[in-house]
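Read the structure below first, then the notes.
No lab work stands behind these numbers, since they all come straight from the coordinates. Since this is a predicted model, take the numbers as computed values, not measurements. Methodologically, a virtual Cβ is constructed for each residue, glycine included, from the backbone with ideal geometry; neighbour enumeration extends over all protein chains shown.
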């Protein structure tokens, strides 16, 4: 069973959504359902692993000259992978 809802949207966004719905040959409501479904599915997927090049940034991290590497290694490794 579907639930009815209402949302307010900017006119430019509504115009773009209507154009996309027409291009796909579906109603605006069906397009919005698909977008919500795709968003929720994407939220459930585990994050992609870092690229191999991200791990190369770890090389030499211990030779940074910082004196707190032993105490903060997790934070430094996390920062390096995110970069």
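If we count other beta carbons within 10 Å of each Cβ, what is the order of 69, 9, fewest first? Don't jump to the answer; show the numbers that get you there.
Numbers: 69 14, 9 11.
Ascending Cβ contact count within 10 Å gives the list 9, 69.
Among 77, 31, which comes first, then next, by fewest other beta-carbon atoms within 10 Å? Present the calculation step by step, with values, prior to reporting the outcome.
Numbers: 77 14, 31 17.
Lowest to highest Cβ neighbour count: 77, 31.
If you average the sequence gap of Cα pairs under 8 Å that are 6 or more apart and divide by the length of the chain, what percent do you get for the contact order? Can you show the working numbers first?
On the way: 21 pairs, mean separation 18.0, N = 83.
The value is 22 percent.
Compute the Cα gyration tensor for the chain, then decide on rounded, prolate or oblate, letting a ≥ b ≥ c be the square roots of its eigenvalues: rounded whenever a/c is under 1.5, prolate when a/b is larger than b/c in the other cases, and oblate in all that remain. Before the final figure, lay out the partial values.
Values: a/c = 3.57, a/b = 3.34, b/c = 1.07.
Prolate is the answer for the chain, as a/c is 1.5 or above and a/b outweighs b/c.
In degrees from 0 to 90, rounded to the nearest 10, what is the angle of the helix 11-24 Cα long axis to the longest principal axis of the chain?
Long axis of 11-24 versus the principal axis of the chain: about 80 degrees.
Among 37, 18, 72, which one shows the biggest mean-square fluctuation in a GNM of the chain, springs joining Cα atoms closer than 10 Å?
Judging by the Gaussian network model, the answer is 72.
Go ahead and set up a Gaussian network model of the chain, Cα springs under 10 Å, then flag whichever of 34, 44, 66 fluctuates most.
Greatest mean-square fluctuation among the candidates belongs to 66.
Have a look at 54, 71, 23 and tell me which one the Gaussian network model of the chain (Cα, springs below 10 Å) gives the largest fluctuation.
Between 54, 71, 23, it is 71 that shows the largest mean-square fluctuation.
Taking the Cα atoms only, what angle lies between the long axis of helix 69-82 and the longest principal axis of the chain, rounded to 10 degrees?
Tilt of helix 69-82: around 40 degrees.
Counting other beta carbons within 10 Å of each Cβ, put 76, 39, 55, 8 in order, fewest first. Intermediate results must be reported in sequence, preceding the final value.
Working: 76 17, 39 9, 55 12, 8 5.
Fewest to most other Cβ atoms nearby, the residues stand as 8, 39, 55, 76.
Rounded to the nearest 500, what is the 222 nm mean residue ellipticity of the chain from helices alone, with -39500 (n - 2.57) per DSSP H run of 4+ residues and division by all residues? Please list the in-between numbers first.
Numbers: 4 runs with 50 residues, N = 83.
It comes out at -19000 deg cm²/dmol, rounded to the nearest 500.
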